[in-house]
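> Submitted below is the structure of interest, expressed as structure tokens.
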Amino acid sequence: MKTKLLTLLLFITTFNLIGQINLVPNADMENWDSFDDNPDDWSRFLNGYWNKSSDAQNGTSSLELEIDSDRTFIYIFTPDIQFTSGTTYVCSFYYKKVSDNITKIEFNLMQTQSVFPVSLSDNEFTDLSATEWKKGEFEFTATDTENVQAWIYTRGDASAKALIDNVSIVNKATLSTAAFSDVKNKINIYPNPSQNQIKISGINTLEPYTIYNAIGKEISKGKVSKNEEIDIKAFSKGLYFLKLDNGNTLKFIKE
């Protein structure tokens, strides 16, 4: 009974953290205005078009950006997000090209308290693929407490298209289970729950992994192959997350 109550409390904590940790509203592009078919909480510079796409990195929808016929870029931006001086933020997003004439994607941080926005961090991503989602990520340490917006550019030729999904800005010091999500594929942990060892099915190569507890603290790390045992006997009872370097994250319970 105590184990069940602990598990329930950990799940509640996890959901609360997920609701608090990502500073980007509608980060997963799942909420759309039914009147004008725009993604909630996002704005667009009028250099092209945006559309809802069913090709999602995780979820049911992503944002497709298309550059106008006489332009070379289009960008979207978030509402103001307050950054705190001395705090390091981990910024990430997923992107995928739709047409070959996309040349790069940018994720920039702009200070918006001045008359004109001032660039704080410019980050280019040129590893583009039409068959798989790519992740762009960087860290930024704020030197002032100020309002900041995330600006995401797609650059290329006229009518070039790209997809954007799952944008995230999190405080690195409180990085937690919000950074994790269950994968809906054939990679699984078993037995789950477990008291002594766990194994991973569905991987074909030696995979580096990191295990975190329910509040995002790193507990252990190593490398594992298909159906190889990972010893968890010394772990306290509760909820854990195993993150593989291939991007998949799995949830398990230590009894």
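Each reported figure results from applying straightforward, stated rules to the coordinates on display, with no laboratory input. Note that the coordinates shown come from a computational prediction; the quantities given were computed from them, not determined experimentally. Note that each Cβ is placed from the backbone with ideal geometry, even for glycine, and that neighbours are counted across all protein chains shown.
> Can you give me the distance in nm between label points at D40 and T141, each placed 7 Å from the Cα along the Cα-to-Cβ direction?
Label-label distance for D40 and T141, simple model: 3.7 nm.
> Give, as a single signed number, the net charge of other residues whose beta carbon lies under 15 Å from the beta carbon of D231, with Lys and Arg counted +1 and Asp and Glu -1.
Value of the local net charge: +2.
> Under the Karplus relation 6.51 cos²θ - 1.76 cosθ + 1.60, θ = phi - 60°, what is the ordered set of whole-Hz ³J(HN,Hα) values for segment 79-85, x standing for Gly and Pro?
Residue by residue, segment 79-85 yields x, 4, 10, 7, 9, 10, 4 Hz.
> Measuring from a point 7 Å past the Cα of Y190 along Cα-to-C-beta, which residues in segment 231-255 have an amide N at less than 19 Å?
Correct set: 231-232, 242, 249-255.
> Name the long-range amide H neighbours of N31: under 5 Å, sequence gap of 5 or more, or other chain; modelled H, no Pro or chain starts.
Result for N31 returns D40.
> DSSP loop GluC sites (Glu not before Pro) in segment 212-251 with at most 16 other Cβ atoms within 10 Å of their Cβ, which ones?
Sparse-neighbourhood loop GluC sites (Glu not before Pro): E228, E229.
> Near K217, which lysines are there with a Cα under 17 Å away, not counting those fewer than 8 places off in the same chain?
The reachable lysines, counting only those whose Cα sits under 17 Å from K217, are K172, K237, K243, K251, K254.
> So if I take the alpha carbon set of the chain, get Rg, then get Rh from the Kirkwood formula, what is the Rg over Rh ratio?
Using Cα coordinates only, the ratio equals 1.01.
> Which net charge results for the neighbourhood of Q149, defined as the other residues with beta-carbon distances under 12 angstrom from its beta-carbon, given Lys and Arg at +1 and Asp and Glu at -1?
Net of charged neighbours comes to -3.
> Can you tally the net charge around D28? Count Lys and Arg as +1, Asp and Glu as -1, for every other residue whose Cβ sits under 12 Å from the Cβ of D28.
For residues surrounding D28, the net value is -4.
> Still on this structure, I have one more. What list of ³J(HN,Hα) couplings, whole Hz, do you get for segment 122-136 from phi and the Karplus terms 6.51, -1.76, 1.60, once you set θ to phi - 60° and write x for glycine and proline?
For segment 122-136, the Karplus-derived couplings read 10, 9, 9, 10, 10, 7, 9, 9, 9, 10, 9, 6, 10, 10, x Hz, x marking Gly and Pro.
> Taking the Cα centre of the chain as the origin and placing charges on Cβ (Lys, Arg +1; Asp, Glu -1), which of Q197, S69, F241 is farthest toward the positive end of the dipole?
Comparing the listed Cα positions along the dipole, Q197 ranks first.
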